[in-house]
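What follows is a single structure, written as structure tokens, with notes after it.
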């Protein structure tokens, strides 16, 4: 039997930030992308994180629907998804509680 759990984006954000390793790094990426779109190299530089680590977190965030790719090519540019933009204030509240 397969158990399917349906989560809202808000509850998934709780999981991504507080319920899993790397939550703080993912939150830092989300906060940076709120200001403007970046590629992985730019994020690694401004956040002072390892490039491969940033790429890993970008994949997790993209797979979760929190961010989207604006351009698909070398140096792809990432931005927040429409859904994440809508609940960004809730993200900040969550982050304030756990950050």
All conditions in (1) buried (at least 17 other Cβ atoms within 10 Å of the Cβ); (2) modelled with pLDDT under 95; (3) more than 13 Å from the chain's Cα centre (by Cα) are true of residue 4 except (1)
If we take the range 27-93, then helices (runs of 4 or more DSSP H) inside it with 3 or more residues that are free of Cβ contacts under 8 Å to residues at least 24 places away in the same chain and more than 13 Å from the chain's Cα centre (by Cα) are 40-47
For residue 9, the lone unmet condition from (1) at pLDDT below 90; (2) touching a strand residue (DSSP E or B) at 6+ places or on another chain (Cβ under 8 Å) is (2)
For residue 39, the lone unmet condition from (1) in contact with a helix residue (DSSP H, G or I) (Cβ under 8 Å, 6 or more places away or on another chain); (2) at pLDDT 95 or above; (3) farther than 22 Å from residue 20 by Cβ is (1)
In the range 63-82, anything surrounded by fewer than 16 Cβ atoms within 10 Å (Cβ to Cβ) and closer than 16 Å to residue 36 by Cα is listed as 69, 70, 71, 75, 76, 82
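The values are calculated or read from the model by the stated rules, or taken from the named source; none is laboratory data. What you see is a predicted model; the values in this text were computed from it and never measured. No Cβ is skipped: glycine too gets one built from the backbone with ideal geometry, and neighbour counts run over all protein chains shown.
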